[in-house]
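Shown next, in structure tokens, is the structure this report addresses.
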């Protein structure tokens, strides 16, 4: 039996076993601090893992919440969302699919410094990422048709976004202003020289009436 075959038999596809999570941990251990260079890795797909990130940012393994935050933070450093729309845990030697109900991260805190074109909006995620909205970290706002609400997202890295938690969203819109964008007055926010439209100003006035 070749070394490659032996490795594949011990792959993360066996993670339904009790020691599967330990195998994943050993492969996910970060080198130093910060996210791993997952965008540069191109390992084989090794199947799906019974792991899910719920809409509130809670991670589940085999239907049970992962209560150890250092472990969740570790896994978050090897996350990657590919062009197929799916999210994977990626190591140099394997790639396994996981389920993400909404966004993989949640922005749980924000800070605003400066004003006007010099304003900077900084978010902290539930797993410890700190992101300044702006070039490379765009904000987008999605209408919730079912509830009539609004869901903001900030791009953290790659294709991975953080859903802005509702209390943080209320704080965020307090920094909104009316800005002319392509001849239309929009209610928007600024950060690092970029403007992110939230909704047409007339729609906000109707909602506020």
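Rule-based calculations on the coordinates, nothing more; no lab input. Just so it is clear, the model here is predicted, and its values are computed rather than measured. Positions of Cβ are generated from backbone atoms using ideal geometry, with glycine treated the same way; all protein chains shown enter the neighbour counts.
A few comments on the model shown:
- For the range 107-209, the ratio of Cα radius of gyration to the globular rule of thumb 2.2 N^0.38 Å stands at 1.04.
- Here the range 73-121 and the range 147-209 have alpha carbon centers that stand 19 Å from each other.
- When 60, 141 are sorted by how many other C-beta atoms sit within 10 angstrom of their C-beta, beginning with the fewest, the order is 60, 141.
- Fully extending the segment from residue 151 to residue 194 would add 13.6 nm, taking 0.36 nm per residue of separation and subtracting the current Cα-Cα distance.
- Counting all C-alpha pairs of the range 53-107, share separated by more than 18 Å (%): 28 percent
- Residues listed by number, the range 114-153, amide nitrogen under 20 Å from residue 180 label point at 7 Å toward C-beta: 116-118
- Mean sequence separation of contacting Cα pairs (under 8 Å, at least six apart), scaled by the length of the range 87-209, corresponds to a relative contact order of 22 percent.
- Percent of beta bridges antiparallel (DSSP, the range 105-208, rounded to nearest 5): 90 percent
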